[in-house]
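Below: the structure, in structure tokens.
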Amino acid sequence: MLKNSLALEERLSREKRPLPVEETGLSGGVRNIKKRMRRRKSLHDRFFEKVKKENCWLWTAKKEKAGYGRFSIRDHEFAAHRVSYQLLKGDIPDGFTLDHTCKNPSCVNPDHLEPVTMQINLLRGNTFQARNASKTHCPRGHPYNGDNLLKQKYGGRECRACRLAARIAKSQKRGQEWTETE
């Protein structure tokens, strides 16, 4: 969708002509057509008038709650950093998302954007997944490695020592004698 919108916008701005009447939904006489014949700004110009260039290129127009910029093309909104990357570097590979290496969500500098998988993007950020992946020990201090590591079906990790201690405590509470069956 973004690629088609970019191509149409660029073609029309190069030809210096207005949108076809059927695409704008406007109709009218010669006066309306002459108004629309005025030179349109190119997509590139429209985009970069909303950017404050420093080390990070800060998006100064509309932003969403998380701080990511939004840019409109033909009544469709797109993430500003994705538009910037596609304008200046090319297409984003399928199955990839853009990671802000500067960790500034309003940055649209394509040199600060790297195409990565969603998993890598989540692990690089300040996310629940990243915090859990960085843990090397269980809450009781046992290491998550070697024979002490149990991997769960859902992808989680469990400490073998803590699991064993919980089973012993549970059986003693019931008044049963503990026998290890693992």
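The values are calculated or read from the model by the stated rules, or taken from the named source; none is laboratory data. Predicted model only: the values in this text are computed from it and were never measured. Because the Cβ atoms are built from the backbone with ideal geometry, glycine has one as well, and the counts that use them run over all protein chains shown.
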Flag if C138 is in contact (Cβ under 8 Å) with a residue 24 or more places away in the chain and surrounded by 13 or more Cβ atoms within 10 Å (Cβ to Cβ): yes
Within the range 85-95, is there a residue that is of a type in the set (S, T, N, Q), assigned to a helix (DSSP H, G or I) and surrounded by 12 or more Cβ atoms within 10 Å (Cβ to Cβ)? yes
For the range 41-50: of the residues being surrounded by 14 or more Cβ atoms within 10 Å (Cβ to Cβ) and either at pLDDT 95 or above or assigned to a loop (DSSP other than H, G, I, E, B) (or both), which is nearest to the chain's Cα centre (by Cα)? K50
Contacts under 7 angstrom Cβ, first residue in the range 103-126 being more than 10 Å from C56 (Cβ to Cβ), partner among the polar types (S, T, N, Q), 6 or more apart: P110/S84; E114/T101; V116/T97; M118/T97; N121/T97; L122/Q129; L123/Q129
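This table checks each residue for (1) assigned to a helix (DSSP H, G or I); (2) within 31 Å of the chain's Cα centre (by Cα).
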position	(1), (2)
I120	yes, yes
R131	yes, yes
G141	no, no
G155	no, yes
E158	no, yes
Which condition breaks for D147 when tested against (1) over 30 Å from K53 (Cβ atoms); (2) in a loop (DSSP other than H, G, I, E, B)? (2)
